[in-house]
Amino acid sequence: MAITEVPMASAPLLQAHGISKFFGAVQALVDVDLEVDSHQVVALVGDNAAGKSTLARVIAGVHAPDTGVVRIGGEPVRTFTTKAARDNGVATVFQELALAENLDVTANIFLGQELPGRGLLDEEAMEGMARQFLKDLNARIPSPRTPVANLTAGQRQCVAIARTLVGKPRIIVLDEPTSSLSVTQTAEVLTHIEQLRAMGLAVVIISHNLTDIRAVADRIEVLRHGRNNGSFIAAETPYEDIIAAITGAPRSGRLP
C-alpha cells in the first residue's frame, strides 16, 4: 500500500525561542518564547519591567539576545541591527513617533526613504503611495498634504504606522500605540491594526490596556519578571485570568 506523505506545517512567520537578555546583573529576559504568524495580532502584556519592550527591541534589532534564536520566515536571524531587521521585513513603531510637525503627511511617511525623480524627488509618486497607504489603513486623514501639526494624536499614530509600509514589511511591532489617546482616537488606531492583519502582516502589539487588546488581538502572551507566564486566546479568556498571570496571583485553583 502506498504511503501518503503528510506535508509539514509551515513555520510561523516570527519565532523567538529561548531568548535571554541581560543588562549587567539585571535579567531582562529569561528563556522567553514567542510565535506570531501572518494574518495574526499577538499582544505582549505584563507589569512594568516585565520585559515587553526589551523583547520588542530584540525583534526590532535594537538589542542582540545573549542566548536564544529569532527566526523570520523559518530562517534564523544572525545579525541584530535595525537595518538587518528592516531588511528581514520587520518594522517597529515605538512610543516616540519621531514625526516632523513642520512637514506634511507624505513627507513624514517617506522621511529618510524618499523616492528620487527627474528633479530632486518624485513628489507625485510619493503622494500617490501615501494616499494608498492611508486608504489601506482606513485612515481618517483628509489629505496626504495635511501638515502633521494639524493632526490629532490618533491620526499621527496612523502616519507612523503608514511610514512602516514603505519598506513592505512582513512583521510590525507596535509599542503602546493607544497610550494617551481618546476613546475615538483609540478606536481609529485599533481599526488600523485590524487592517494590518487583513493585509497579511504579523503584528506584535505592546499595551497595558486589556480592553484594547481583547478588541483586536488573536492571542495574548503574558511576561512576568522577564519570563513567559501565560498564553491566552484573547476572545475566550476572562480578564481575571490575564490579570492573575500579570500579577502572579493564583488562578483556576492553581499556583502560577
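The values are calculated or read from the model by the stated rules, or taken from the named source; none is laboratory data. All figures in this text were calculated on a predicted structure; none of them were measured in a lab. Accessible surface is based on the protein model in full, side chains and every heavy atom, while ligands, DNA and RNA are left aside. Shrake-Rupley method; radii C 1.70, N 1.55, O 1.52, S 1.80 Å.
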### Task
Grab every C-alpha pair in segment 9-65, bin the distances at 10 angstrom width from 0 up to the longest one, and report whole percents.
21, 55, 21, 3
### Query
Given segment 168-256 reduced to its alpha-carbon atoms as identical point scatterers, what log10 I(q)/I(0) does the Debye formula return at q = 0.12, 0.13, 0.20 Å⁻¹?
-0.40, -0.47, -0.99
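What percent do you get for the relative contact order of the chain when only Cα pairs under 8 Å and 6+ apart count?
Details: 499 pairs, mean separation 65.2, N = 256.
About 25 percent, as a whole number.
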### Message
With every protein chain left in place and a probe of 1.4 Å, what is the accessible surface of Leu151, to the nearest 10 Å²?
### Response
10 Å²
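For every helix of n ≥ 4 consecutive DSSP H residues, a contribution of -39,500 (n - 2.57) applies; sum these over the chain, divide by its total residues, and give [θ] at 222 nm rounded to the nearest 500 deg cm²/dmol. Walk me through the intermediate numbers first.
Details: 8 runs with 77 residues, N = 256.
So the helix-based figure for the chain works out to -8500 deg cm²/dmol.
Taking every eigenvalue of the Cα gyration tensor of segment 1-107, multiplying by 5 and rooting it, what semi-axes result, largest first, whole Å?
Values: eigenvalues 177, 90, 36 Å².
Equivalent ellipsoid of segment 1-107: 30, 21, 13 Å, largest first.
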### Task
Principal axes first, then extents: for the Cα atoms of segment 71-152, list largest minus smallest coordinate on each axis, whole Å, largest first.
41, 34, 23
### Query
How large is ³J(HN,Hα) for each residue in segment 181-193, as worked out from phi by the Karplus curve 6.51 cos²θ - 1.76 cosθ + 1.60 (θ = phi - 60°), to whole Hz, x for Gly and Pro?
9, 6, 4, 5, 5, 4, 4, 5, 5, 4, 5, 4, 5
### Summary
Here segment 17-24 yields Karplus 3J(HN,Hα) values (6.51, -1.76, 1.60; θ = phi - 60°; whole Hz; Gly and Pro given as x) of 10, x, 6, 10, 9, 10, 10, x
#### Entry: Whichever lysines have a C-alpha closer than 19 Å to that of Lys21, once near sequence neighbours (fewer than 8 apart) are set aside
Lys52
### Query
Share of antiparallel DSSP beta bridges in the chain, in percent to the nearest 5?
55 percent
### Summary
The ³J(HN,Hα) series, computed from each phi in segment 156-161 with the Karplus coefficients 6.51, -1.76 and 1.60 at θ = phi - 60°, rounded to the nearest Hz and given as x for glycine or proline, is 5, 4, 4, 4, 5, 5
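Over all directions, average the projected area of the Cα convex hull of segment 125-230 and note it in nm².
Working: hull surface 29.7 nm².
Taking the Cα atoms of segment 125-230, their convex hull projects to 7.4 nm² on average.
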### Query
Going down the list Lys83/Lys168; Lys135/Lys168; Lys83/Lys135, which pairs span over 18 Å between their C-alpha atoms?
Lys83/Lys135
### Query
Antiparallel DSSP bridges in segment 77-210: what percent, to the nearest 5?
20 percent
#### Entry: Answer label, with percent of Cα pairs over 32 Å apart calculated from the coordinates and candidates [x] 20; [y] 46; [z] 26
[z]
